[in-house]
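What follows is a short report on a single structure.
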Amino acid sequence: MHDNSSSPQPEKWVGKSMRRVEDVRHLTGRGLFVDDIERPWILYAAFARSSFGAARIKEVTVEEALKVPGVETVITSSDLGGIPGLEPLLERPEFVPVTMPLLVGETIRHAGEPVAMVLASSPHAAEDGAEAVSIEYEPLEPVVSLDAALAEGTRAVHEGMNDNVLLDVIDPDDPELEKILEQAPVVVDATFDSGRQSAAPMEMRACLAEWDAREDTLILHTSTQVPYVVRTAISDVLGLPQQRVRVVAPDVGGGFGQKCVVGREEVLVSIAAQRMGRPVKWTEDRQENLTAAFHGREQRYEARAAFDEEGRLLALRTDIVCDVGAYSCYPFTCGVEPLMAAAEMPGPYRLPRYWSRARAVTTNKVPMAPYRGVSRPQFTFVMERLMQKAAKQIGMDAVEIRRRNVITADEFPYESPTGIVYDPGSYLESLEKCAEVMDASGWERKREDARSEGRLVGLGFCCFAERTGYGTRAFALRKMAITPGGDNARLRMDPSGHVIVSVGTCGHGQGHQTTLAQIAADQLGINPDRITVRQGDTESTPYGWGTFASRSAVIGGGATKKAAVMLAERVKEVASHLLEAAPGDLSIEDGKVFVNGSPDRFVSVAKVARAVHVEPHLLPEGELGTLDATAGFDPPGTFSNATHGAVVEIDPETGAVRIDRYVVVEDCGVVINPMIVEGQVRGGVAQGIASALYEQLIYNDEGQLVTSTLMDYLIPTTMEIPPIEIFHLETPCEFSETGAKGMGEGGTIGAPGAIANAVADALSHLGIEVDRLPITPDRLRAAIKESRAHGGVRL
Amino acid sequence: MKPAAFEYRKASTVEEAVEQLTQLGDDAKLLAGGQSLVAMMNFRLVRPSALVDVKGILDLQYVEANGEGLKIGALTPHRWIETMEDPGVLEGFSVLKSAARWVGHYPIRTLGTFGGSIAHADPSAEWCMLATLLDAEMVVVGPGGERMIPASDFFQGFFTTALEPDEMIIEVRFPEPAPYAALQEFARRAGDYGIVAAAVALDLQGGECRSARVVLGGVSDVPLRIPEAEQVLEGADIGQEVFKEAGQEAAKVIDPPSDVQGTAEYRRDLAATLIQRALTEAVAKVKEAADAR
Ligand SMILES: Cc1cc2nc3c(=O)[nH]c(=O)nc-3n(C[C@H](O)[C@H](O)[C@H](O)COP(=O)(O)OP(=O)(O)OC[C@H]3O[C@@H](n4cnc5c(N)ncnc54)[C@H](O)[C@@H]3O)c2cc1C
């Protein structure tokens, strides 16, 4: 084991804003995404999907579809024989497993469920065929809202259940906590809601399956974050040994969690290729992506928090309900949102007593999958609103109340009431820095001046700590039947001294080809342009879990560093023969292996590589003709942290919220590539602003999604997202090989809370509580009107 | 999101386009910039049996001021209007230029056409609103020759116009300059159709308003004239008070829809606000004009 304190090489590339290796091909349209891959004799798949939200299928007729020119065949549930659906499991008694059928034969549980798969010689013909499939329904009453799903006597979405709760995790009763919540000097009570969203990756889902008869193997190219997980699912469902399934993720145009789960379409297309003996491609369109790909984020929190007169948090009780839609997602299950919320809700605050209940509630809507941040944008919004409400009650400044509650340097390692251990971070420092940059001390004055001119301006803060890069032990507590954890890296030097880094993580836009090369370059003493990072192929990368949960820089990067250190040792070992010096006396720099203290006694790394492979006669007998090293890494997890600050102005007439300033002070430990980190922060903040102000998937009472195009589902554009000022603090992680902490999700986490608090601050004199996301102009306008008429409204 | 099968033809003259429309029958459609039509075809909301592509008729790309009025060729891209610089045009028709920025996004403005927008007849479309506001006339060619359709007859409902299936708009004429006109709208994102939009034009004499036009988009199935608001303004001394009253009057008489972007009540509020703002902007032009002189 090497830890970062005894890094054998000085860091030369880590910390540099190196240009992304990926950018050239992506910016010139030369990336290779699934849909770019062509094959002879290919078939295109399209799905006939349910137009009802809840129904029994009486009959599916495919005759007309078969008559459509170009249509080869139509597969319905009855053609699947005994092939099971996807049944993700939690091994805990509070969990009710449900199966997501591949094609629905009996009960429709959400609009957009696939009922038939049409295979045709062109995508157009496939779509014509899908349209010609006729489905006869017997409508059932759709269960569309959390209230409806939880109401006494409601129809169960899954037959045989008595209610609609798929997971219900309750902490034991705590009379002491109840007493505090009754008697504390300051008690804040509120209910918070957040809207349903889609991760809406720029590239929608897509896959291409083909049967390789020579090896009797299924090859699936799919737009995924988790090739090995997809392989496991397909091998289980199809009954093929894993070695006969190869899953490849080529360039992936974003995933944000929607692609870290397995879609039934990926399985169906694989079945089709196996049956037809022809390649089969499916490319999801945007409407399909909004109506049939995984959603997330629809949650409700009933929270009660107690504080002392000094604004110190004493206790928190929270009842968390997540609308998880019709099924559990594979492999995370519908527990991913509620369990995350219950475990990490306390965030960056010192919380003496905590009680939670967390439920996953099933409805006739698209299933939930983890979406960047997973519950943290929501519960952070809740915590930060509670802080703000308490501050208001006490008459305390927004920064001061946080200052009194964040965990400080002398308290690390800090164990939260849920048993999670926080490693050192800069919670107070990031708050102070953000307050300083935002000039918070003079704010009240500015706000009052603006008000006197009839303008509504507000300043909001949001502090959070985010657990990232967690491995097996942390995941095991969730009790998933399939438990993700560590990851592996394999480094191989070729005869020219170039290196291929193969990893089990699977970047899909984050720039891993660049950052992992930076990490390896430092250890190997060679230029990163001599390093190629290979990922996303179960045939050519070591076993691994892919990319999600801000894990890749920490875990994939850690494994890469360990393997690079081992490979560097191997290079020195070989060089020691060529230089006739002890390996311990050698170091590698600028592509050369030097004898320490003798700058002119060196051999190039390329020469070492050449010797091993093609000039073995230069080496002692027994030297094997390879230079490679493999290492795994499985850390306990590390907390990154940030404070976000936002200034908004509200147009009281239109209800529009304009963001005038947005500041992020973040700490993700050692920054491997500042440009990439800032890109991640900006993209994340944009998605967080989307949660706060723009995006919401809305179902009507019939269970139809009414926001099924990008005209109604409002993804903000560059025109809506303000410039984002970013400041870095660096508290190196003690557990990760590189000192880095995960930071892929942080941006999304801070924005909803910061924006909501800024809006609430602007409206603080009107008694408007901003407890529901997204904050839409029509509701904001209505609240302003109503508060002027009656005072006190919940937005 | 793949269109149903259709036949594709290209026309290089207006005559050819009309001939092909006649030949191909009622289900054929003209294809101009494709910025509305292609999206609707991809959603399979429309399924024309054939498209006649007129984008190549470059003769129909022009903006021409002739004495009093303004003529815009049907295939003129939105972007041309946005970048107009001819002072002769701008003096009377700056509202077209300033409204252009509300039309979609840059790529849409470079492809979408003036005539296409008018023919598409979205009740919130800026050009449709301004056509109604300024009494524009559509010059239309069909198998029987040319005819003119005034805006008041042209827009008949959501995406519905007085155009016959075998007719083509070749030009839109704005008969009179409107120096004191303005358009204001509110959308949640830049580039979206306004949830509500308001266009106004004033005929001013000193501080008094001799006549006024008020048109709202997004509150009905056509760009809607609001005579009640116009009456408030006519003969009144201009100023915020009367602007506010005009807006409130409009809010009272309209019957807007409710949907995910806003309730009917919200649309009423927006109508009042946007009318007031548009009037303020129109009057600011008086000052600008005076300053310029
Ligand atoms: C994301 C997005 C946002 C948009 N936002 C706005 C907005 O804010 N405001 C706005 O006004 N528009 C908006 N649009 C629509 C855009 O302005 C279109 O360009 C316009 O509506 C149609 O013009 P077109 O040339 O593209 O016509 P096409 O799409 O080619 O055709 C539209 C219809 O008009 C018919 N047609 C076209 N030309 C003629 C003609 N000369 N004679 C007879 N019939 C004809 C076609 O047959 C078709 O039925 C938006 C579009 C998109 C995709």
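The values are calculated or read from the model by the stated rules, or taken from the named source; none is laboratory data. All values derive from a computational prediction rather than experimental measurement. Every residue, glycine among them, receives a Cβ derived from its backbone with ideal geometry; neighbour counts consider all protein chains shown. Note: areas computed on protein heavy atoms with side chains; ligands, DNA, RNA excluded. Shrake-Rupley method; radii C 1.70, N 1.55, O 1.52, S 1.80 Å.
So the values come out like this:
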| item | result |
| --- | --- |
| Residue in the range B:100-117 that is farthest from the other protein chains (Cβ to nearest Cβ), counting only those that are closer than 22 Å to B:L202 by Cα and more than 9 Å from the ligand (Cβ to nearest atom) | B:A100 |
| All positions within the range A:293-316 that are over 25 Å from A:R372 (Cα atoms) and either of a type in the set (D, E, K, R) or surrounded by fewer than 21 Cβ atoms within 10 Å (Cβ to Cβ) (or both) | A:R304, A:D308, A:E309, A:E310, A:R312, A:L314 |
| Within the range B:1-84, strands (runs of 3 or more DSSP E) holding 1 or more residues that are of a type in the set (K, R) | B:7-10, B:28-31, B:69-73 |
| Unique residue being on the phi > 0 side of the Ramachandran plot and either touching a Ser or Thr at 6+ places or on another chain (Cβ under 8 Å) or open to solvent by 10 Å² or more (accessible area, probe 1.4 Å) (or both) when the list is A:G753, A:G744, A:G791, A:G703 | A:G791 |
| Filtered residues of the range A:106-147 (kept if more than 14 Å from chain B (Cβ to nearest Cβ) and either among the hydroxyl-bearing types (S, T, Y) or under 12 Å from A:V68 (Cα atoms) (or both)) | A:T107, A:L119, A:V133, A:S134, A:Y137, A:S145 |
| Number of the condition not met by A:K179 [criteria: (1) in contact (Cβ under 8 Å) with a residue 24 or more places away in the chain; (2) not in a strand (DSSP E or B)] | (1) |
| Leading residue by the ranking (nearest to the other protein chains (Cβ to nearest Cβ)) among those in the range B:64-99 that are of a type in the set (D, E) and away from the ligand (no atom under 16 Å from the Cβ) | B:E85 |
| Filter pass, B:P48 being farther than 23 Å from B:E137 by Cα and either more than 9 Å from the ligand (Cβ to nearest atom) or in contact (Cβ under 8 Å) with a residue 40 or more places away in the chain (or both) | yes |
| Which numbered condition B:T132 misses (of (1) touching an Asp or Glu at 6+ places or on another chain (Cβ under 8 Å); (2) of a type outside the set (A, V, I, L, M); (3) more than 8 Å from the ligand (Cβ to nearest atom)) | (1) |
| The range B:85-136, residues that are of a type in the set (G, A, S), farther than 13 Å from B:G194 by Cβ and in a loop (DSSP other than H, G, I, E, B) | B:G112, B:A121, B:A136 |
| Residue among B:A125, B:A121 that is within 12 Å of the ligand (Cβ to nearest atom), at positive phi and in contact (Cβ under 8 Å) with a residue 60 or more places away in the chain | B:A121 |
| Residues (of a type in the set (D, E, K, R) and either open to solvent by less than 20 Å² (accessible area, probe 1.4 Å) or within 8 Å of the ligand (Cβ to nearest atom) (or both)) located in the range B:159-175 | B:E167, B:E171 |
| Residues of the range B:44-74 satisfying the condition of being out of contact with any Lys or Arg (no Cβ under 9 Å at 6 or more places or on another chain), surrounded by 16 or more Cβ atoms within 10 Å (Cβ to Cβ) and farther than 19 Å from B:P165 by Cβ | B:L60, B:Q61, B:G73 |
| Residues within the range A:641-661 that are within 14 Å of another protein chain (Cβ to nearest Cβ) and part of a strand (DSSP E or B), tallied | 4 |
| Residue within the range B:143-157 that is part of a loop (DSSP other than H, G, I, E, B), of a type in the set (D, E, K, R) and within 25 Å of B:Q20 (Cα to Cα) present | no |
| Given (1) away from chain B (no Cβ under 14 Å); (2) over 21 Å from the mean Cα position of the chain (by Cα); (3) open to solvent by less than 20 Å² (accessible area, probe 1.4 Å); (4) within 30 Å of A:E453 (Cβ to Cβ), number of the condition A:V664 does not satisfy | (2) |
| Number of positions in the range A:482-501 that are in contact with an Asp or Glu (Cβ under 6 Å, 6 or more places away or on another chain) and outside any strand (DSSP E or B) | 2 |
| Matching residues in the range A:692-716 - criterion: being among the hydroxyl-bearing types (S, T, Y) and either more than 9 Å from every other protein chain (Cβ to nearest Cβ) or part of a loop (DSSP other than H, G, I, E, B) (or both) | A:Y699, A:T707, A:S708, A:T709, A:Y713 |
| B:S36 near the ligand (Cβ under 9 Å from one of its atoms), among the hydroxyl-bearing types (S, T, Y) and either within 14 Å of chain A (Cβ to nearest Cβ) or at negative phi (or both) | yes |
| Exclusive hit being within 19 Å of A:F379 (Cβ to Cβ) and either at pLDDT below 95 or part of a loop (DSSP other than H, G, I, E, B) (or both), set A:C322, A:C334 | A:C334 |
| Total residues in the range A:262-292, condition open to solvent by less than 10 Å² (accessible area, probe 1.4 Å), closer than 18 Å to A:I234 by Cα and either of a type in the set (A, V, I, L, M, F, W, C) or within 13 Å of chain B (Cβ to nearest Cβ) (or both) | 9 |
| Check on B:V232, open to solvent by 20 Å² or more (accessible area, probe 1.4 Å) and either more than 11 Å from every other protein chain (Cβ to nearest Cβ) or aromatic (F, W, Y) (or both) | yes |
| Matching entry among A:I83, A:I135 (being outside any loop (DSSP other than H, G, I, E, B) and farther than 26 Å from A:Y301 by Cβ) | A:I135 |
| Single unsatisfied condition, B:F154 versus (1) within 14 Å of chain A (Cβ to nearest Cβ); (2) aromatic (F, W, Y); (3) without any contact (Cβ under 8 Å) to a residue 40 or more places away in the chain | (1) |
| Residue check, A:K561 out of contact with any Cys (no Cβ under 6 Å at 6 or more places or on another chain), more than 30 Å from A:E745 (Cα to Cα) and not assigned by TED's automatic domain parsing to the domain that holds A:R372 | no |
| Conditions (1) surrounded by fewer than 22 Cβ atoms within 10 Å (Cβ to Cβ); (2) of a type outside the set (G, A, S); (3) in contact (Cβ under 8 Å) with a residue 60 or more places away in the chain: number failed by A:R403 | (3) |
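Residue-by-condition table, conditions (1) away from chain B (no Cβ under 12 Å); (2) within 23 Å of the chain's Cα centre (by Cα); (3) within 30 Å of B:S258 (Cα to Cα):
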residue	(1), (2), (3)
A:T718	no, yes, yes
A:F727	yes, yes, no
A:E737	yes, yes, no
A:G744	yes, yes, no
A:A760	yes, no, yes
A:L763	yes, no, yes
A:R772	yes, yes, yes
A:R779	no, no, yes
A:E786	no, no, yes
